[in-house]
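One structure is given below, encoded as structure tokens.
The values are calculated or read from the model by the stated rules, or taken from the named source; none is laboratory data. Given the structure is predicted, the values throughout are model-derived calculations rather than measurements. Cβ sites come from the backbone with ideal geometry, for glycine too, and all protein chains shown count toward neighbours. Quick note on the areas: whole protein, heavy atoms, side chains included, nothing else; ligands and nucleic acids left out. Shrake-Rupley method; radii C 1.70, N 1.55, O 1.52, S 1.80 Å.
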Amino acid sequence: MKIKKLITTLSIILILSCACGKAEDDPSAKLNAYHEGITAFNSEISELSARMDAIDINAEDASTNLLICLDEMNTHFEELSNLSVPDEYNGAKGLAVQAYSSMSEAVNLYHQLYSAENFDADLSARAKLRYDEAMGFVDSIGALIMNYSE
């Protein structure tokens, strides 16, 4: 599953950021703050992933619970896009903004899908595509950070 790959990638980033930690008054405070933001994002997405996986698809409130999780996920993607990105990770800001844009569109499409009277396969496919796209941008952020950290 795409979320598990994301969690693994961001966990590696967490380990690298802990290994490179410096005092708060150090000039690298922006870098440390970014690593903390990435770590928080990882934790929040991991928790939401577990909640989404635990949804009983046969339950009456399954779609409502899924939409709640997706709304929360979108909030965390917005927070990711608002992180102050250190110069060392040039390009990560654009990727985070694109990730948030894709996730916002996916969430909007999922809301449309679950509020429709009839299932729309095209709408479902577009929503999944945008969701996967958002996760792909996050994977790219992880790869960028890992490449810099090597």
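At full extension, ILE57 and SER149 could sit 29.1 nm farther apart than now, given 0.36 nm per residue minus the alpha carbon distance. Determine the distance separating the Cα centre of the stretch 24-64 from the Cα centre of the stretch 94-115; give it in Å without decimals. Computed from Cα coordinates, the inter-centre distance equals 16 Å. Using the 1.4 Å probe convention, the accessible area of the stretch 72-150 works out to 52 Å² per residue with neighbouring protein chains retained.
I need the peptides 116-124, 41-49, 63-71 ranked by packing, meaning the mean over residues of other C-beta atoms within 10 angstrom, with the highest value on top.
41-49, 63-71, 116-124
Label-to-label distance for GLU133 and ALA40 is 2.8 nm, based on points extended 7 Å past Cα in the beta-carbon direction. Modelled this way, with points 7 Å down the Cα-to-C-beta line, the labels at HIS111 and LYS93 are 2.8 nm from one another.
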